[in-house]
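Data block below; observations after.
The values are calculated or read from the model by the stated rules, or taken from the named source; none is laboratory data. Because the structure is a prediction, the values reported are computed rather than measured. Neighbour counts are summed over all protein chains in view; Cβ atoms, including those assigned to glycine, are modelled from backbone coordinates with ideal geometry.
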Amino acid sequence: MTRAAQIAGRIRKNRTISISGGLLAIVALLAIAIPWISPNDYLQTNFDNILSSPAIAHMHWFGTDDLGRDLLVRTMMGVQVTLLVAIVASFVSLVIGVFYGAIAGYLGGRVDAVMMRIVDTLYALPFIFIVILLMVVFERNFLLIFVAIGAINWLDMARIVRGQTLSLREKEFVEAARLTGVSTARIIIRHIAPNLIGVVVVYVTLTIPQAILVESFLSFLGLGIQEPQTSLGALVDAGVNQKENAAWMLVIPGGLLALILMCFNFLGDGLRDLLDARQST
């Protein structure tokens, strides 16, 4: 049995990973399919059908919002945007954090001390206020949201990768590569980084919920995704304003946001348990 098959078998046996991963896959597939197959457009307004309660017969399964737009389609579009922002932002933090932490951990000494003091200094800054300032000064757009959220999360990634690299640089295969004259950059890319994949994958699944929360918080404040686009945070903000007249506008996107966050957290916990079990054997 190949190594990939063994890992796949362990994942299937882990109920936490299977259930949470399956729910996330279902939500993602529905978020992609429903806007395509639904007869309603997420921008289409109907002032004769404002704040209509959820009804299957009228093809508004999640009801309508304060402009008569179909909430099902808008919620699925919100899921797309929320997941896209979270995944891309986590990728940004992954790239920055892995290379920064690997360089600091491998070089060690004064370089490591200076690089980690920079991380400690950045930790002391109120990043959420810096993000808000960036959104106000440079306008609100997708690209800036990706960069801003990714700039928050890479610090934790750098610390974790640095700690793992400190132990990896003492391994025999790294010593052998160093003695044969392999360059530092090549050692980090070819020998250190591949051995960090397990820890990095686990931590990324735990940082995605953080990115989702930051994006939702910004959208809730009106500084994130803007009309006509939407996200789960923006939908929750709209639902709060209508919670007395149309509770479904708050309950549905809020419940879906909570489900996605729980699934990612359970998925990360399951992968961490799997990695710990693999290391102990």
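A quick yes/no check of all residues on (1) closer than 29 Å to Phe217 by Cβ; (2) surrounded by fewer than 22 Cβ atoms within 10 Å (Cβ to Cβ); (3) out of contact with any Cys (no Cβ under 7 Å at 6 or more places or on another chain):
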| residue | (1), (2), (3) |
| --- | --- |
| Gly78 | yes, no, yes |
| Val88 | yes, yes, yes |
| Ile103 | no, yes, yes |
| Leu107 | no, yes, yes |
| Ala113 | no, yes, yes |
| Met116 | yes, yes, yes |
Just one listed residue, out of Ala113, Ala176, Ala158, Ala124, is at pLDDT below 85 and of a type in the set (A, V, I, L, M), and it is Ala124
A careful count of residues in segment 224-235 that are over 19 Å from Ile152 (Cβ atoms) and either crowded, with 24+ Cβ neighbours inside 10 Å or aromatic (Phe, Trp, Tyr) (or both) gives 3
Filtered residues of segment 16-42 (kept if more than 22 Å from the chain's Cα centre (by Cα) and either part of a loop (DSSP other than H, G, I, E, B) or under 13 Å from Leu267 (Cβ atoms) (or both)): Ser38, Pro39, Asn40, Asp41, Tyr42
Against the definition (of a type outside the set (Lys, Arg), farther than 19 Å from Gly150 by Cα and out of contact with any Pro (no Cβ under 6 Å at 6 or more places or on another chain)), how does Thr180 come out, yes or no? yes
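Any idea which of Val111, Val81 is β-branched (Val, Ile, Thr) and without any contact (Cβ under 8 Å) to a residue 12 or more places away in the chain?
Every option except Val111 fails the conditions.
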For Ile260, which of the numbered conditions (1) of a type outside the set (Gly, Ala, Ser); (2) under 14 Å from the mean Cα position of the chain (by Cα); (3) surrounded by fewer than 20 Cβ atoms within 10 Å (Cβ to Cβ); (4) closer than 17 Å to Val81 by Cβ fails to hold? (3)
Residues satisfying the stated conditions in segment 11-60, i.e. touching a helix residue (DSSP H, G or I) at 6+ places or on another chain (Cβ under 6 Å) and closer than 18 Å to Ala238 by Cα: Tyr42, Pro54
Look through segment 211-223, keep the residues that are assigned to a helix (DSSP H, G or I) and surrounded by fewer than 20 Cβ atoms within 10 Å (Cβ to Cβ), and return whichever of them is modelled with the lowest pLDDT. Phe220
When the residues of segment 97-130 are narrowed to those that are among the small types (Gly, Ala, Ser) and in contact with a helix residue (DSSP H, G or I) (Cβ under 7 Å, 6 or more places away or on another chain), which ends up farthest from Arg186 (Cα to Cα)? Gly97
Inspect all residues belonging to segment 31-39 and state whether any of them is over 27 Å from Ala211 (Cα atoms), of a type outside the set (D, E, K, R) and either surrounded by 20 or more Cβ atoms within 10 Å (Cβ to Cβ) or in contact with a strand residue (DSSP E or B) (Cβ under 8 Å, 6 or more places away or on another chain) (or both). yes
